[in-house]
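Report on one structure; see the data block that follows.
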Amino acid sequence: MIERWFPCAEVSEHSGRGWGSGFAEKSLFTWFASRPLAQAKAAVVCSLLPWPDDEQEQERLKGLVRGAMQGYDANNGELRKELAKHYPQGAKLCDPFSGRAMIPLEAARLGVQAWGIDYSPVATLAGQLLADYPLRDWDAEPDLPFEGYEQHKAEHFTEPRLLRDVRFVLDLVGRRYVEAMGEFYPVVNGKRPWGYVWAVTLPCTNCGNRFPLTGSLELRRPKPAGTGKRRKPADPGQSYRIVADSSEGRFWSEVHDGPPTGAPTLVKLPGRRGNTAVCCFCSHPHPLDTLKRMMRDGLRDDAMLAVADLDDQVGKRYRTPIAGGGEGRRS
């Protein structure tokens, strides 16, 4: 069939979102040449089905394929019966350039024995994780040798073995991470920070106050509102400003929505090589050679400018660090 007809419209419709996008599989193993899952399913089905001479039979099979494009397992039973008619000994499929094995994975959904071949060892690893291991029977494997596994096994005994063990290991890694890194990423307002924005600071050669070196005040770029079914509200983005108090000789950052309202301290000045650092207290310029000399002399220090929390709507939402909150402590 694939040499005569292919459900291009249906593949296009389901490739951008939902089951056919392959986003779920990509989240398990990122691949540089990822293809939509809808494309892989259509390729498998159309490669295995025949192209009969009878036009009515052609239309029947085309309708079967179109119906199969409505979901992960849509028309699965009908397709299995159809393949059994044409392959009494069982259909077999080989993908000689399988990448992360999306085509073998889709073949497996239809009960087709499949082989995937790829020159890249990374690709073969991805294929095992996505299309091989999830379909094996792991019940005979020994218990995991970690404390707490027996209780976890009792609480999740109805789950498939591989899912249960992977869940346990990920939870264990998460707990160990919290124990090791909780001091440096403390919970604030019920959330543990995703990361911090730091800047190098140097003393101004004119006023003596220490100021940060930052070439951009933008934290998250703005995005327009979504259209169609993905109607996400517009995102104004986020930036920060450097506030300097000359009377006390200290500075701090303030995070705000929208584009930057001030200028960064690292700027390009006409006639000067490289970036120039402008003190946020007295506006004194420091050429690149001066900055390098101070760095070599060990005058640099660090200052935290912003904290990034994970957010369901925009990905990462930034905020001003909490003074004395223990955020950003270094080992």
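The values are calculated or read from the model by the stated rules, or taken from the named source; none is laboratory data. Treat the numbers as computed from the prediction; the structure is a model and nothing was measured. When we count neighbours, we look across all protein chains shown, and the Cβ atoms used for this are built from the backbone with ideal geometry, even at glycine. Note: accessible area is taken over every heavy atom of the protein model, side chains too, but ligands, DNA and RNA are not part of it. Shrake-Rupley method; radii C 1.70, N 1.55, O 1.52, S 1.80 Å.
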Can you name the number of the only condition in (1) farther than 19 Å from residue 145 by Cβ; (2) in a helix (DSSP H, G or I) that residue 175 fails?
(1)
Is there a residue being surrounded by fewer than 16 Cβ atoms within 10 Å (Cβ to Cβ) and over 29 Å from residue 286 (Cβ atoms) anywhere in segment 197-218?
no
(1) surrounded by 14 or more Cβ atoms within 10 Å (Cβ to Cβ); (2) under 31 Å from the mean Cα position of the chain (by Cα): which one isn't true of residue 58, the others all being true?
(2)
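Would you check if residue 268 is modelled with pLDDT under 95, at negative phi, over 30 Å from the mean Cα position of the chain (by Cα) and among the charged types (D, E, K, R)?
Values: modelled with pLDDT under 95: yes; at negative phi: yes; over 30 Å from the mean Cα position of the chain (by Cα): yes; among the charged types (D, E, K, R): yes.
Judged against the criteria, residue 268 is a match.
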In segment 27-40, which residues are over 15 Å from residue 130 (Cα atoms) and buried (at least 16 other Cβ atoms within 10 Å of the Cβ)?
38, 39
Could you figure out which of (1) surrounded by fewer than 19 Cβ atoms within 10 Å (Cβ to Cβ); (2) farther than 22 Å from residue 13 by Cα isn't true of residue 74?
(2)
Filter pass, residue 4 being under 23 Å from residue 91 (Cα atoms), of a type in the set (D, E, K, R), modelled with pLDDT of 95 or more and part of a loop (DSSP other than H, G, I, E, B)
yes
Residue identified as among the aliphatic types (A, V, I, L, M), part of a strand (DSSP E or B) and over 30 Å from residue 14 (Cβ atoms) among 244, 263:
244
Please go through segment 296-308 and give me each residue that is over 19 Å from residue 217 (Cβ atoms) and in contact with a strand residue (DSSP E or B) (Cβ under 7 Å, 6 or more places away or on another chain), ordered by number.
299, 300, 301
Which one of these does residue 100 not meet: (1) in a helix (DSSP H, G or I); (2) closer than 30 Å to residue 45 by Cβ?
(1)
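Does segment 142-196 hold any residues that are among the aromatic types (Phe, Trp, Tyr) and either open to solvent by less than 70 Å² (accessible area, probe 1.4 Å) or closer than 26 Å to residue 240 by Cα (or both), and which are they? If you could, list the steps in order and put the result at the bottom.
The first filter runs over segment 142-196 and keeps only residues among the aromatic types (Phe, Trp, Tyr), leaving 146, 149, 157, 168, 177, 184-185, 194, 196.
Answer for segment 142-196, where residues must be among the aromatic types (Phe, Trp, Tyr) and either open to solvent by less than 70 Å² (accessible area, probe 1.4 Å) or closer than 26 Å to residue 240 by Cα (or both): 149, 168, 184, 185, 194, 196.
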